[in-house]
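S.K.: Below is one structure. I have some questions about it.
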Amino acid sequence: MSRLLALPLIVLLMGIGATAMLVPALYAYAIGDLRLAHVFGQSAALFLFIAAILGIALVNYRPRSLTRSHLAAIVAAYTLLPLMLAVPFQQGVLSTSFTNAWVEMVSSITTTGATLFEPARLSPVLHLWRALVGWMGGFLTWVAAFALMAPMSLGGFEVISSERLGAGARFGQVSSTSGAGDPRERLLRVTLQLLPIYGGLTVLLALLLLYAGEDPLIAGIHAMSTLSTSGISPLGSMDGAQSGIVGEVLIFLFLPFAVSRQTFCGSYRPGGPRDLAHDPEIRIAAAIVLLVPSLLFLRHWIGAYEVQTMAETGRALKALWGAAFSVLSFLTTTGFVSAEWDISSAWSGLKTPGLVLLGLALVGGGVATTAGGVKLLRVFALYQHSAREMERLVYPSSVGGSGQAARALRRRGAYVAWIFFMLFALSMAAVASAFALTGIPFEDSLVMTIAALSTTGPAAQVVLDHPLSYSILGDPGKYILVIAMALGRLETLALLALFNPQFWRR
């Protein structure tokens, strides 16, 4: 195990990705699709061999900084590793270019869920591969957050850390899973701690969906897509799900795991599960899930009164559920849309009610979860700072209380959160301008930009009054989309940390 851990992280990820190809190979063999079974089996053997050769060649390689070497490996995992994962996908589709397959795999591993293909065009085996890659990408996000981002005060942890960005001087202040020591041992420890939770929750949701009457393949894919917040579905929407509203309720119950890390790592915190009620991310998410659907529901009733359909209580309840499910789904950047969202949209009286969902995707979910976006903890830091400043306008001589941690959150935490907001806004402007230069209308380019940077690919289908398709992008637009998805998953601060002078200093 020690020799295995000594290998570069990207080589280990290659081996894991190649081994994962055996899953769709076995499934294809089970359903009688021998061609795809051969494609995935042959690809698994080929890339396992390549990974082994690279492992032997690099067994004595010793980077100057293991932590930053692993951070660079994470960057490569979201951009270069999909080149390997795209090979069996492209060979499985046949009638597509390798660029399209690469974009599809980048979208999956970054848990964006933006697809270039109509669901009917892909076989069940390829849908399973997309969901599996997304599921592995979600788990990689979990592990990287606790084992790499937290010790370096990145990925949202900079808001509650006293260390400078990219520093790794004092570990263990954010989470006990990210204690000091060899980063390779920390990666292994965090992986062993989180894998049973992540895998167990996925299996549990799949079994519940199966019990609710869902097709086995659909149940497994929806379970993986929910826990990874990739929003990948072979149905294209929730309308065709056999489990109906019961399946939506089950998915709704598992979405909060992308709201706060407290929901799945409470045993690593001093307060344990008791911290859930006081967690700021959970409180903000709960307020949003209660407030936004309620406002839309009131607008539904106003619209219903105008057309004299107040007696349709059943439709009103469906509209309320459709809004609540879609709000939480987009807040966690999953992108599933309730089958009742059409009723909600029709009753709202708004021309483009999907813009509400796009704004929620921009806010994003919790730190150290599979959700993307700006993150709720940064929003909370800015809120606390704003509330304190408003208090000082009324009572200039007042002293802010709540302890040293709260004061640090209002000051330094809000400062670094504002820096991230500015970087995120600049990234939006740059990516949207790049899309516009390729000939995409500004409105469409802005929606695609936010969907990519927030890792909520399905948003393009529901935000505007007409569904957008990523297939309209030319090759330059697809390269821009890949950069935007990787940037949204990695976050700008993490990339800037790679250019820290200490990263290059001997």
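The values are calculated or read from the model by the stated rules, or taken from the named source; none is laboratory data. As the structure is a computational prediction, the values presented were derived from the model and not from experiment. Cβ sites come from the backbone with ideal geometry, for glycine too, and all protein chains shown count toward neighbours.
S.K.: Which numbered condition trips up A77, out of (1) in a helix (DSSP H, G or I); (2) modelled with pLDDT under 90?
M.R.: Tallying (1) in a helix (DSSP H, G or I); (2) modelled with pLDDT under 90, A77 fails exactly one: (2).
S.K.: Among the numbered criteria (1) charged (D, E, K, R); (2) closer than 28 Å to M152 by Cα; (3) modelled with pLDDT of 95 or more, which single criterion is violated by E104?
M.R.: Of the numbered conditions (1) charged (D, E, K, R); (2) closer than 28 Å to M152 by Cα; (3) modelled with pLDDT of 95 or more, the odd one out for E104 is (2).
S.K.: Within the stretch 416-470, track down each residue that is of a type in the set (S, T, Y), touching a helix residue (DSSP H, G or I) at 6+ places or on another chain (Cβ under 7 Å) and closer than 28 Å to E158 by Cβ.
M.R.: S427, T449, S454, T455, T456
S.K.: Let me ask something else about it. Out of the residues in the stretch 1-43 meeting the condition of being touching a residue at least 40 places away in the same chain (Cβ under 8 Å) and β-branched (V, I, T), tell me which one is nearest to L81 (Cα to Cα).
M.R.: I10
S.K.: List the pairs whose first member sits in the stretch 64-90 and is without any contact (Cβ under 8 Å) to a residue 40 or more places away in the chain, whose second member is surrounded by fewer than 19 Cβ atoms within 10 Å (Cβ to Cβ) and assigned to a helix (DSSP H, G or I), and whose Cβ atoms are under 7 Å apart, counting only residues at least 6 apart or on separate chains?
M.R.: Pairs that qualify, where the first residue is without any contact (Cβ under 8 Å) to a residue 40 or more places away in the chain and the partner is surrounded by fewer than 19 Cβ atoms within 10 Å (Cβ to Cβ) and assigned to a helix (DSSP H, G or I), are A86/F98; Q90/F98.
S.K.: Something else now. So which of F442, F420 is surrounded by 13 or more Cβ atoms within 10 Å (Cβ to Cβ) and modelled with pLDDT of 85 or more?
M.R.: F420
S.K.: Looking at L83, is it part of a helix (DSSP H, G or I), touching a Ser or Thr at 6+ places or on another chain (Cβ under 7 Å) and among the hydrophobic types (A, V, I, L, M, F, W, C)?
M.R.: Numbers: part of a helix (DSSP H, G or I): yes; touching a Ser or Thr at 6+ places or on another chain (Cβ under 7 Å): no; among the hydrophobic types (A, V, I, L, M, F, W, C): yes.
Spelling it out, it is not the case that L83 is part of a helix (DSSP H, G or I), touching a Ser or Thr at 6+ places or on another chain (Cβ under 7 Å) and among the hydrophobic types (A, V, I, L, M, F, W, C).
S.K.: For the stretch 439-459, give me each residue that is farther than 20 Å from Y78 by Cβ and not in a loop (DSSP other than H, G, I, E, B).
M.R.: Residues of the stretch 439-459 that are farther than 20 Å from Y78 by Cβ, as a first pass: 439-447.
Selection gives F442, E443, D444, S445, L446, V447.
S.K.: Now, a different point. Residue by residue through the stretch 189-233, note down the ones that are outside any helix (DSSP H, G or I), over 17 Å from the mean Cα position of the chain (by Cα) and buried (at least 17 other Cβ atoms within 10 Å of the Cβ). Steps first, please.
M.R.: So in the stretch 189-233, the residues outside any helix (DSSP H, G or I) come out as 212-215, 229-233.
If we keep only those that are over 17 Å from the mean Cα position of the chain (by Cα) as well, we get 212-215.
Passing the criteria: A212, E214, D215.
S.K.: Right, another one. Please go through the stretch 170-228 and give me each residue that is among the hydroxyl-bearing types (S, T, Y) and at pLDDT 85 or above, ordered by number.
M.R.: Filtering the stretch 170-228 down to residues among the hydroxyl-bearing types (S, T, Y) leaves 175-178, 191, 198, 202, 211, 225-226, 228.
Selection gives T191, Y198, T202, Y211, S225, T226, S228.
S.K.: Here's something else I'd like to know. Name every residue in the stretch 86-100 that is surrounded by fewer than 19 Cβ atoms within 10 Å (Cβ to Cβ) and either on the phi > 0 side of the Ramachandran plot or in contact with a Ser or Thr (Cβ under 8 Å, 6 or more places away or on another chain) (or both), in order of residue number.
M.R.: Selection gives Q91, L94.
S.K.: Just need a number here: residues in the stretch 136-161 that are buried (at least 24 other Cβ atoms within 10 Å of the Cβ) and within 15 Å of L81 (Cα to Cα).
M.R.: Here the count works out to 3.
S.K.: Check the stretch 101-110 and report whether any residue there is in contact with an Asp or Glu (Cβ under 9 Å, 6 or more places away or on another chain), more than 18 Å from S228 (Cα to Cα) and either surrounded by fewer than 24 Cβ atoms within 10 Å (Cβ to Cβ) or free of Cβ contacts under 8 Å to residues at least 24 places away in the same chain (or both). Show your work before the answer.
M.R.: Of all residues in the stretch 101-110, those in contact with an Asp or Glu (Cβ under 9 Å, 6 or more places away or on another chain) come to none.
No, there is no match, as no residue in the stretch 101-110 is in contact with an Asp or Glu (Cβ under 9 Å, 6 or more places away or on another chain), more than 18 Å from S228 (Cα to Cα) and either surrounded by fewer than 24 Cβ atoms within 10 Å (Cβ to Cβ) or free of Cβ contacts under 8 Å to residues at least 24 places away in the same chain (or both).
S.K.: Being part of a helix (DSSP H, G or I) and either of a type in the set (S, T, N, Q) or exposed (fewer than 15 other Cβ atoms within 10 Å of the Cβ) (or both) is the filter here, so list the residues in the stretch 17-37 that pass it.
M.R.: The initial filter retains those residues of the stretch 17-37 that are part of a helix (DSSP H, G or I), namely 17-20, 22-31, 34-37.
Scanning the stretch 17-37 gives T19, L26, A30, I31, L34, R35.
S.K.: Now a separate question. Could you figure out which of (1) within 12 Å of the chain's Cα centre (by Cα); (2) farther than 18 Å from Y78 by Cα; (3) among the hydroxyl-bearing types (S, T, Y) isn't true of T111?
M.R.: Of everything listed in (1) within 12 Å of the chain's Cα centre (by Cα); (2) farther than 18 Å from Y78 by Cα; (3) among the hydroxyl-bearing types (S, T, Y), T111 misses just condition (2).
S.K.: Select the helices (runs of 4 or more DSSP H) contained entirely in the stretch 327-438, then report the ones holding at least 2 residues which are among the basic types (K, R).
M.R.: 376-394
S.K.: Are any residues in the stretch 276-298 surrounded by 13 or more Cβ atoms within 10 Å (Cβ to Cβ), at pLDDT 85 or above and within 18 Å of T263 (Cβ to Cβ), and if so, which ones?
M.R.: Selection gives D279, P280, E281, I282, R283, I284, A285, A286, I288, V289.
S.K.: Which residue, of R130, R68, is under 24 Å from T449 (Cβ atoms) and surrounded by 21 or more Cβ atoms within 10 Å (Cβ to Cβ)?
M.R.: On the way: R68 fails: under 24 Å from T449 (Cβ atoms).
Every option except R130 fails the conditions.
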